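This report concerns only the one structure given below.
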Amino acid sequence: NAGVMQNPRHLVRRRGQEARLRCSPMKGHSHVYWYRQLPEEGLKFMVYLQKENIIDESGMPKERFSAEFPKEGPSILRIQQVVRGDSAAYFCASSPAVNMNTEAFFGQGTRLTVV
Amino acid sequence: KQEVTQIPAALSVPEGENLVLNCSFTDSAIYNLQWFRQDPGKGLTSLLLIQSSQREQTSGRLNASLDKSSGRSTLYIAASQPGDSATYLCAVGEYGNKLVFGAGTILRVKS
């Protein structure tokens, strides 16, 4: 059973381009979370999704950022018109259920660099 | 709004020493608390999860305690080794399993 798979591991985009980050949860996990780790800062929650539904997007910037978790395929975090301040490591986590005994399993992250 | 603080921010110890990492949180209405390890440029590895109804969890040389009423958790590492060098993150689980992270403690174990 592979862990949480994120790709690409590294992504370089010029200012104004779009960035698409992919996350395939662990097998059997239907809950996906995206976090962002800015340089020299801690991880911050962005969005929580279940299949085809956004459950909590309270940590998402209001503009340019969107996320989806379709019925088939990976979860996608999309950043339109990237700016230098979007440079960060983006981590995806998945869990099989939502209860106090459930661990979150993290992927290796996608490191986005905006030049 | 939940805030998580980790002390110390960095710690350097000689190999073999026992050590304690501290985590405090402001809102005691938590689902659980997880300790993670992060190596430079890598993802997060889950070390221990303590449910809100539990007081401690142990795994090998690691022991984590939770005092919900005082908003504190500690991670105890016994007989530290150079391979333990990493950043240790404390994360409080809220409803929906959303995690609120501390800034981390950077641990260096010298051989």
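Readers should treat all values here as calculations from the given coordinates under stated rules, not as data from a laboratory. The model shown is predicted, which means the values in this text are computed figures rather than measured ones. All Cβ positions, glycine included, derive from the backbone under ideal geometry; neighbour counts span all protein chains shown.
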Amide H within-cut-off set for B:Glu56, under 5 Å, with H built and near neighbours excluded | B:Leu66
When only alpha-carbon atoms count, how far does chain A stretch along each of its three principal axes, as whole angstroms with the largest first?
-> 40, 25, 23
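With a cut-off of 8 Å between alpha carbons and a minimum separation of six or more residues, what is the relative contact order of chain B in percent?
Working: 283 pairs, mean separation 41.3, N = 111.
Relative contact order for chain B comes out at 37 percent.
Please compute the Kirkwood hydrodynamic radius over the protein assembly as shown, one decimal place, Å, based on all pairs of different Cα atoms.
Numbers: mean 1/r = 0.0555 Å⁻¹.
Mean inverse Cα-Cα distance, inverted, gives 18.0 Å.
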Using θ = phi - 60° and Karplus 6.51 cos²θ - 1.76 cosθ + 1.60, couplings along region B:54-63 (whole Hz; Gly, Pro as x) = 9, 9, 7, 9, 10, 8, x, 7, 9, 9
13 Å cut-off, amide nitrogen to a point 7 angstrom out along B:Ser59 Cα→Cβ, residues in region A:93-115 = A:102-106
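Which whole-number value in Å³ per residue fits the convex hull of the alpha carbons of region B:2-85? Each step should come with its number before you reach the end.
On the way: hull volume 8.6 nm³, N = 84.
Here the figure is 102 Å³ per residue.
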Here region A:17-33 yields Karplus 3J(HN,Hα) values (6.51, -1.76, 1.60; θ = phi - 60°; whole Hz; Gly and Pro given as x) of 7, 9, 10, 10, 10, 10, 9, 9, x, 4, 4, x, 8, 10, 10, 10, 10
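Once a ≥ b ≥ c are taken as the square roots of the eigenvalues of the Cα gyration tensor of region A:72-115, is the result rounded (a/c under 1.5), prolate (a/b larger than b/c) or oblate (a/b not larger than b/c)? Intermediate results must be reported in sequence, preceding the final value.
Details: a/c = 3.15, a/b = 2.20, b/c = 1.43.
Verdict is prolate for region A:72-115.
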For region B:4-16, Karplus-derived ³J(HN,Hα) couplings (6.51, -1.76, 1.60; θ = phi - 60°; whole Hz; x for glycine and proline) come out as 10, 10, 10, 9, x, 6, 8, 8, 10, 9, x, 4, x
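Using Cβ contacts closer than 10 Å as the measure, can you line up A:Arg36, B:Arg108, B:Arg37 from fewest to most? Each step should come with its number before you reach the end.
Numbers: A:Arg36 23, B:Arg108 13, B:Arg37 20.
Fewest-to-most Cβ neighbours within 10 Å comes out as B:Arg108, B:Arg37, A:Arg36.
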